[in-house]
Amino acid sequence: MSEAEEKRTEYGIKQAGERYYPVIVDKEAGVHYEINNPLTGGSLSYKSAEQAEAYIERAKAREQA
């Protein structure tokens, strides 16, 4: 990912009810995208904010590798 792309997008957590959704925020477009769960085909969600934050940290580490 280029430095310019990195500044336009970032990860965030969206809360809906009792679920937490890790999302990709596109600052340039002013929107966010939910991350798909490859096992179910639905949106990836967690019961706690800590679990969602752990996913974001793993995703950032994968981008750096």
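Laboratory data are not the source of any read-out in this text; all were calculated from the coordinates shown. Just so it is clear, the model here is predicted, and its values are computed rather than measured. For neighbour counting, all protein chains shown are included, and Cβ atoms are generated from backbone atoms with ideal geometry for every residue, glycine included.
General observations
- Hits in region 6-41 (condition: in a loop (DSSP other than H, G, I, E, B) and either among the hydroxyl-bearing types (Ser, Thr, Tyr) or surrounded by 14 or more Cβ atoms within 10 Å (Cβ to Cβ) (or both)): Ile35, Thr40
- Leading residue by the ranking (surrounded by the most Cβ atoms within 10 Å (Cβ to Cβ)) among those in region 42-65 that are aliphatic (A, V, I, L, M) and not in a helix (DSSP H, G or I): Leu44
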